[in-house]
Amino acid sequence: MKASWILPDGRRVEAQVQHGRSLMEGAVMANVPGVIGECGGTLSCATCHVLVDAAWQDKVEAISDYEDAMLDATEAPRQANSRLSCQIFAADDLDGIVLRVPGA
Ligand code: FES
């Protein structure tokens, strides 16, 4: 499936993400600046923070309590549409998803 990341300067990075892989893994493979994924997806770093575009917020899976807690530890301030992208997994219904990389 295709995913797009909009960078703080307005540039857009698009990449194909294999089904079942997280959007953090997809971002790292596509060298999306600002999505680090330091912990490898174990919900302990919050460096995979993204903002989910409004059109896609209803389609992503709900936030777990643990992700919710980790979202308070992001470098950029948490927003209503903040997610940790290691917890969003590529699937047909997310094809075309748009994520914003929060500015520092
Ligand atoms: S990659 Fe570390 S919390 Fe998502």
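Since every read-out is calculated from the coordinates, none of them should be taken as a lab result. If you're wondering where the values come from, they're calculated on a predicted model, not measured in any experiment. All Cβ positions, even for glycine, are placed from backbone atoms using ideal geometry, and neighbour counts span all protein chains on display.
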| request: Round to a whole angstrom and tell me the spacing of the C-alpha centers of the stretch 28-104 and the stretch 1-17. | output: 13 Å
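Want the number for CYS39 to GLN16: 0.36 nm per residue separation, take away the alpha-carbon distance, what's left?
Additional length available on full extension: 6.1 nm.
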| message | Per q in 0.19, 0.29 Å⁻¹, report the Debye log10 I(q)/I(0) for the stretch 1-40, using one uniform scatterer on each alpha carbon and no solvent. | response | -0.49, -1.02
| Theoretical gain in end-to-end length, GLN57 to ALA80 [0.36 nm per residue, Cα-Cα removed] | 7.3 nm
| Based on the mean of other beta carbon atoms within 10 Å per residue, what is the order of 59-69, 18-28, 81-91, most packed first? | 81-91, 18-28, 59-69
| message | Only four residue types carry charge here, +1 at the Cβ of Lys and Arg and -1 at the Cβ of Asp and Glu. Report the dipole size of the stretch 3-104 about the Cα centre in Debye, rounded to the nearest 20. | response | 300 debye
| task | Grab every C-alpha pair in the chain, bin the distances at 10 angstrom width from 0 up to the longest one, and report whole percents. | result | 17, 56, 27, 0
